[in-house]
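Visitor: One structure, as structure tokens, below. Some questions next.
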Amino acid sequence: MCWNRITVKKNKMRKIIWLTLLFTILSCETEPDKLMVSKFKITDANGQSIIRVDEKGNVIKQGIKVGAVKKKGVIVDKKERTILQLGDHNDSLFLDNEGKEVLVIHKDGKFLASSGEQIHWSDAGELMKDDESMGITVSPVEKSLLQIASVLLYLHYVI
């Protein structure tokens, strides 16, 4: 009778230890999301899709997967090679696969074009160069998607 109680207590202790260990491992492994991954599309003035991102973060251009956006702040090509990654200490700075600074695009999607003009998104989801529409729109218009929309346009069209 006594041995049976000891065995039951040992089994309960093992379960508690394993659950604690599992919880510890899982909590250490999870990294906060740096980029919003959600379904959206970018269209031109004619309403034609330029780039779209599906719910899994796949980037599709002209019907072909050209890469993906990862929640951990990495943009990869279709062979899963890193193209850009969001800097660790600056949520606007993007680095290349060697860690060199490449581009600054703010959370609201705002950045400076190579010509020095300010590029930003209007409240209606239109891409603007200073105060002039560029004929490109994003939908749905969610502030959390504007940064990645600008990055993808920059990568695929170098605005």
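Visitor: Might you check whether a residue that is outside any strand (DSSP E or B), of a type in the set (K, R), crowded, with 16+ Cβ neighbours inside 10 Å and at negative phi occurs anywhere in the range 110-130? I'd like the intermediate steps shown before the answer.
Guide: Looking only at the range 110-130, we keep the residues that are outside any strand (DSSP E or B), and these are 110, 113-117, 122-125, 130.
This time we only want the ones that are of a type in the set (K, R), so: 110.
Now restrict to residues that are crowded, with 16+ Cβ neighbours inside 10 Å: 110.
Pick out the ones that are also at negative phi and you get 110.
Within the range 110-130, one or more residues are outside any strand (DSSP E or B), of a type in the set (K, R), crowded, with 16+ Cβ neighbours inside 10 Å and at negative phi.
Visitor: If you scan the range 19-55, which residues turn out to be part of a loop (DSSP other than H, G, I, E, B) and modelled with pLDDT of 85 or more? Walk me through it before giving the result.
Guide: Here is the first cut: in the range 19-55, the ones part of a loop (DSSP other than H, G, I, E, B) are 30-39, 44-48, 54-55.
Selection gives S38, K39, D44, A45, N46, G47, Q48, D54, E55.
Visitor: Of the residues in the range 131-159, how many are outside any strand (DSSP E or B) and surrounded by 19 or more Cβ atoms within 10 Å (Cβ to Cβ)?
Guide: Our first condition is that a residue be outside any strand (DSSP E or B); within the range 131-159, this holds for 131, 140-159.
Restricting the remaining residues to those that are surrounded by 19 or more Cβ atoms within 10 Å (Cβ to Cβ) gives 145-155.
Selection size over the range 131-159: 11.
Visitor: Can H89 be described as within 21 Å of D44 (Cα to Cα) and either more than 15 Å from the chain's Cα centre (by Cα) or surrounded by fewer than 13 Cβ atoms within 10 Å (Cβ to Cβ) (or both)? First the steps, then the outcome.
Guide: Numbers: within 21 Å of D44 (Cα to Cα): no; either more than 15 Å from the chain's Cα centre (by Cα) or surrounded by fewer than 13 Cβ atoms within 10 Å (Cβ to Cβ) (or both): yes.
Criteria not met by H89.
Visitor: Let me spell it out: the conditions are (1) within 18 Å of the chain's Cα centre (by Cα); (2) farther than 16 Å from K41 by Cβ; (3) of a type in the set (A, V, I, L, M, F, W, C), and I119 meets all of them except one. Which number is the exception?
Guide: With (1) within 18 Å of the chain's Cα centre (by Cα); (2) farther than 16 Å from K41 by Cβ; (3) of a type in the set (A, V, I, L, M, F, W, C) applied to I119, the lone miss is (1).
Visitor: Sticking with this one: Return the only residue of K79, K72 being more than 14 Å from the chain's Cα centre (by Cα) and open to solvent by 70 Å² or more (accessible area, probe 1.4 Å). Walk me through it before giving the result.
Guide: Details: K72 fails: more than 14 Å from the chain's Cα centre (by Cα).
None of the others qualify; the one that does is K79.
The values are calculated or read from the model by the stated rules, or taken from the named source; none is laboratory data. Quick caveat, the model's predicted, so the values are computed rather than measured. When we count neighbours, we look across all protein chains shown, and the Cβ atoms used for this are built from the backbone with ideal geometry, even at glycine. Areas reflect the complete protein model, heavy atoms only, side chains present, ligands, DNA and RNA absent. Shrake-Rupley method; radii C 1.70, N 1.55, O 1.52, S 1.80 Å.
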